[in-house]
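Here is the structure we will look at.
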Amino acid sequence: MAESAARRYEPTTLEKENLEAHVDLCAERYNRLDERLTQIYNKFSDVEHHINEFKDTMQADNSKYIKLLFGSTATIMAGILSTVVALLISGKI
């Protein structure tokens, strides 16, 4: 854990003696916490966006490979079928 993240806030003497100062400091702390959480949220959103882009690319590439595999299989099957037909016509089977 980063040092700043592990830091504890102890109330100052002014905070202990003055409720308005305590309220103001707490508001500032909550604002800073909100800013940090917003930064984390934005980073996770960026990561999610990149993962979705990667997934879409992988799906598109996978589709291309399936088409290539299907075409190759059809070519091999046609070659085998034409060989069988040629052998039947020549009378060797």
Looking across segment 1-25 at residues that are modelled with pLDDT of 85 or more and among the acidic types (Asp, Glu), the single one that is nearest to Arg36 (Cα to Cα) is Asp24
Being loosely packed, with under 10 Cβ neighbours inside 10 Å, out of contact with any Asp or Glu (no Cβ under 7 Å at 6 or more places or on another chain) and not hydrophobic (A, V, I, L, M, F, W, C) is the requirement here; does Ser63 meet it? no
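The values are calculated or read from the model by the stated rules, or taken from the named source; none is laboratory data. Fair warning: this is a prediction, and the values are worked out from it, not measured in the lab. Neighbour counts run over all protein chains shown; Cβ positions are idealised from the backbone, glycine included.
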